[in-house]
Amino acid sequence: MDDYLSSDDDYHYSDQGSVDGFENDEPDVQLVTPKGPTTLVITKESLLAAQKDDLRRVMEMLSLREHHARTLLIYHRWDVEKLFAVYVDKGKAALYAEAGVSVDEHCELDPSAPPSVMCDICIEDVPCHEATRMDCGHCFCNNCWTAHFIVKINEGQSKRIRCMAHKCNAICDEAVVRNLVSKEHPDMAEKFDRFLLESYIEDNKRVKWCPSTPHCGNALRVEDDELCEVECSCGLQFCFSCLSETHSPCSCLMWELWAKKCRDESETVNWIAVHTKPCPKCHKPVEKNGGCNLVSCICGQAFCWLCGGATGREHTWSSIAGHSCGRYKQLEKTAERAKRDLYRYMHYHNRYKAHTDSFKLESKLKETIQGKVAISEERDSTLRDYSWVNNGLARLFRSRRVLSYSYPFAFYMFGDELFKDEMSEEQREIKQHLFEDQQQQLEANVEKLSKILEEPFDQFTDDKVMEIRIQVINLSTIIDNLCQKMYECIENDLLGSLQLGIHSIAPYKSKGIERASELSACWSQKDSCIYASVGGTANHDRPSGSGSSDESVWSSHKRARKEEAGGGLFDLNLPAEVVDRN
């Protein structure tokens with residue numbers, strides 16, 4: 001009886017096709033190094049920390065100042081690995097030249113120079129303290145620089161403002177831009193800082209805004225392949241590649257076409273083409289509601305249903321007076337093709353919608369099953385562990401979703417819309433049979449699992465509950481293996497053999513879509529936090545290190561606090577009561 005009280009992990013799940021293959025062997029325990037989260041949620045509070053992490057890596061590797069590191073990262077769309085690869089392949093000089101980085105220090109004017117300099121833009125002599133020299137060595141008056149910066153900020157080019165000199169590709173120092181603009185236009189300086197900060201999301205292929213409506217304000221960063229499905233902390237699951245709902249095993253293009261096909265009137269038009277004929281006079285679609293081939297439109301025009309030609313009204317059951325059909329066979333061929341396409345679409349759409357509806361109904365079933373579990377745990381029984389119910393329910397949800405999206409995939413994979421010239425008819429037929437066999441096996445086992453989970457196990461004896469438990473555990477393992485095999489078949493045997501390589505799918509995850517972990521806004525380098533002054537401008541005195549901190553240490557309500565009198569810096573992430581006490 002002790003075995004009954006053990007965890008489900010102590011059992012070896014059979015991967016055979018029968019639910020009777022349950023075994024009670026201990027699996028080999030393998031020590032695996034824990035892997036960090038592959039998806040991180042970036043909030044407004046933690047955006048600065050995420051950006052600082054990448055800046056620190058580049059600054060330490062190349063011994064650069066922060067604005068130079070930012071210029072390199074913006075040019076390479078915040079892809080640190082790509083930046084380092086270019087550095088290794090082409091060298092430091094080529095890396096800097098491509099991005100417009102000049103590390104030569106020319107900012108300080110020569111003390112022996114005359115007290116004034118001539119600005120080559122306005123052609124006026126200005127005192128040296130009213131002129132600014134950039135890293136590239138070009139010097140212009142502050143008024144011209146300020147006007148140039150304001151124009152570029154208004155044009156949306158804040159992230160890469162180039163030097164004013166002719167054919168100079170050097171990027172201006174962001175600190176100089178901020179300093180000059182803020183003197184006359186503080187709002188422009190804030191706009192400039194905001195653009196620099198948001199460039200980490202807008203230009204980063206591994207970071208995207210959550211597409212939730214209304215918007216939750218979060219962005220998500222993936223650490224591995226950007227072709228994946230993610231879940232935001234707000235609960236929304238979506239495809240990271242196309243930002244639509246999760247749709248694997250459909251590729252992004254397949255799902256885009258399928259969603260449009262289901263949304264617009266394309267199939268309505270197809271139905272009209274199959275079941276109606278246009279009136280030769282008013283051209284409105286006319287549906288035949290009788291057996292005679294002489295059809296009358298509401299406009300009064302009579303025409304032949306077989307060929308669509310205008311006729312008189314004298315007719316018999318077999319012929320129309322003064323009319324002969326010579327185009328009947330061609331029209332019949334066109335109509336049959338349209339009818340075949342419509343029936344094919346309805347076949348896949350009906351099954352797609354059936355599994356989608358089942359998923360919605362089974363989601364509502366979760367509360368009922370939780371009630372059964374609660375009743376079972378309260379009664380006097382030797383069984384205490386009902387985690388297998390929740391595990392089976394989660395497996396049912398994941399596999400039902402896979403089944404639902406497998407039908408749009410099959411519609412395009414074996415149709416003429418995308419891969420007509422990629423496969424011969426014989427190859428198409430073989431691959432279709434292979435896929436449909438796996439789809440059928442998965443469908444049969446999913447329905448079995450759904451039926452078993454709906455059983456009133458809270459009313460059964462312990463022996464009957466143990467029998468159901470074994471069936472649920474085995475079916476969950478079988479379904480997981482079938483889903484894995486279907487994805488491998490799609491990636492290797494179906495899409496992998498095609499020359500058109502634009503169709504890739506998100507990988508299958510046995511444990512479901514991973515919920516993103518929140519990137520803490522307070523992360524330490526020697527136990528120090530990121531601080532900000534009024535207006536949200538970061539303290540750039542030193543680079544901050546990357547690392548993670550325990551979320552429970554800090555308040556979950558992260559917000560900026562007003563600066564106290566005295567102008568000191570404050571921590572954005574400390575709880576309000578701590579800041580007030582200090």
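The values are calculated or read from the model by the stated rules, or taken from the named source; none is laboratory data. The structure presented is a predicted model; accordingly, all values stated were derived computationally and were not measured. Because the Cβ atoms are built from the backbone with ideal geometry, glycine has one as well, and the counts that use them run over all protein chains shown. Accessible surface areas use protein heavy atoms only, side chains included; no ligands, DNA or RNA. Shrake-Rupley method; radii C 1.70, N 1.55, O 1.52, S 1.80 Å.
Numbers for the structure displayed
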item: Residue in region 200-208 that is over 25 Å from the mean Cα position of the chain (by Cα) and farther than 30 Å from Tyr508 by Cβ present; result: no
item: Checklist (1) under 21 Å from Val177 (Cβ atoms); (2) open to solvent by less than 20 Å² (accessible area, probe 1.4 Å) applied to Leu95, failing item; result: (1)
item: Of the criteria (1) among the acidic types (Asp, Glu); (2) open to solvent by less than 50 Å² (accessible area, probe 1.4 Å); (3) closer than 24 Å to Thr356 by Cα, which one Glu514 fails; result: (2)
item: Top-ranked residue in region 453-476 [being free of Cβ contacts under 8 Å to residues at least 24 places away in the same chain and in contact with a helix residue (DSSP H, G or I) (Cβ under 8 Å, 6 or more places away or on another chain); ranked as most open to solvent (accessible area, probe 1.4 Å)]; result: Lys464
item: Single match in Glu184, Glu231, Glu223 (criterion: of a type outside the set (Ser, Thr, Tyr) and under 10 Å from the mean Cα position of the chain (by Cα)); result: Glu231
item: Arg401 vs. criteria open to solvent by 60 Å² or more (accessible area, probe 1.4 Å), in contact (Cβ under 8 Å) with a residue 40 or more places away in the chain and in the same structural domain as Gln440 (by the TED database); result: no
item: Residue among Leu257, Leu227, Leu180 that is farther than 30 Å from Arg160 by Cβ and either loosely packed, with under 14 Cβ neighbours inside 10 Å or not assigned by the TED database to the domain that holds His68 (or both); result: Leu257
item: Within region 272-298, considering residues that are among the hydrophobic types (A, V, I, L, M, F, W, C) and open to solvent by 50 Å² or more (accessible area, probe 1.4 Å), the one farthest from the chain's Cα centre (by Cα); result: Ile298
item: Residue ID - surrounded by the fewest Cβ atoms within 10 Å (Cβ to Cβ), chosen from residues in region 408-429 that are in contact (Cβ under 8 Å) with a residue 60 or more places away in the chain and part of a helix (DSSP H, G or I); result: Tyr412
item: Of residues in region 438-489 being in a helix (DSSP H, G or I) and among the aromatic types (Phe, Trp, Tyr), the one modelled with the highest pLDDT; result: Tyr487
item: Residue count, region 283-317 (criterion: of a type in the set (S, T, N, Q) and at pLDDT below 80); result: 4
